[in-house]
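Report on the following structure.
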Amino acid sequence: MMETVDTAQIAAPPDHVFQAARDVERWPDRLAHYRWVRMLEGSSETDGIVEMAAWRPFGSFRWPTWWVSEMHTNAETRTIRYTHVRGITTGMGVEWAIHPDGNGSKVRLVHQWDGPPWPLIRRPAAEWIIGPVFVHGIASRTLAGLKDFLERTDG
């Protein structure tokens, strides 16, 4: 199984980080690599189905990515879980976990996936390309962008 783990220390209270992380419809305004985010059902406050599209930059070239996920939030534990239900990453599980850390927060973002339904190259595609190049490439930018936003504005 492919697994990527991205972490960030953010100098903002955990509740502020959680709110910014679950406020996905505002990500394109805050994160330059997101093309759009739309709640197809529900809302970021009540959970639902979310469509996301982002750019994965490679130098001056930007590769378009797109997926749809079921989104479940838990304000008490400050966790957000996604299950990708459409797109090449269908079946991917994602968990955001936000914990107090000193005067700020530690965010741990984990993606797990068995890979695309491609015989013979399923695991290599997931473990060598999609996970480390695309998933990590986008997730690390998302965390860095939220960190920058929160530390400039404190949420």
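Nothing in this text is a laboratory measurement; each read-out follows from the coordinates by a stated rule. Keep in mind the model is a prediction, meaning the values are calculated, not measured. As a convention, Cβ positions derive from the backbone with ideal geometry for all residues, glycine included, and neighbour counts pool all protein chains shown.
Modelled label positions at Phe61 and Glu151, each set 7 Å beyond Cα in the direction of Cβ, lie 3.2 nm from each other.
Could you please report the charge total around Met1, scoring K, R as +1 and D, E as -1 over all other residues with beta-carbon less than 9 angstrom from its beta-carbon?
Working: positive: Arg123; negative: Glu3, Asp114, Glu127.
Computed value for this residue: -2.
The separation of segment 38-88 from segment 110-155, counted between C-alpha centres, amounts to 12 Å.
Please compute the length gained on full extension between Arg30 and Ala144, using 0.36 nm multiplied by the number of residues separating them and subtracting their Cα-Cα distance.
Details: separation 114, 0.36 × 114 = 41.04 nm, distance 1.08 nm.
Stretched fully, the Arg30-Ala144 segment lengthens by 40.0 nm.
Rounded to 0.05, the FRET efficiency of the Asp114 and Glu41 pair, given R0 = 41 Å and the Cβ-Cβ distance, is 0.95. Here segment 1-75 is assigned +1 on the Cβ of each Lys and Arg and -1 on the Cβ of each Asp and Glu. Its dipole about the Cα centre then comes out at about 440 debye. Charging the Cβ of each Asp and Glu at -1 and of each Lys and Arg at +1, and nothing else, the dipole of the chain about its Cα centre rounds to 540 debye. Our summary gives the chain a relative contact order of 32 percent, counting only alpha carbon pairs under 8 angstrom and 6 or more residues apart.
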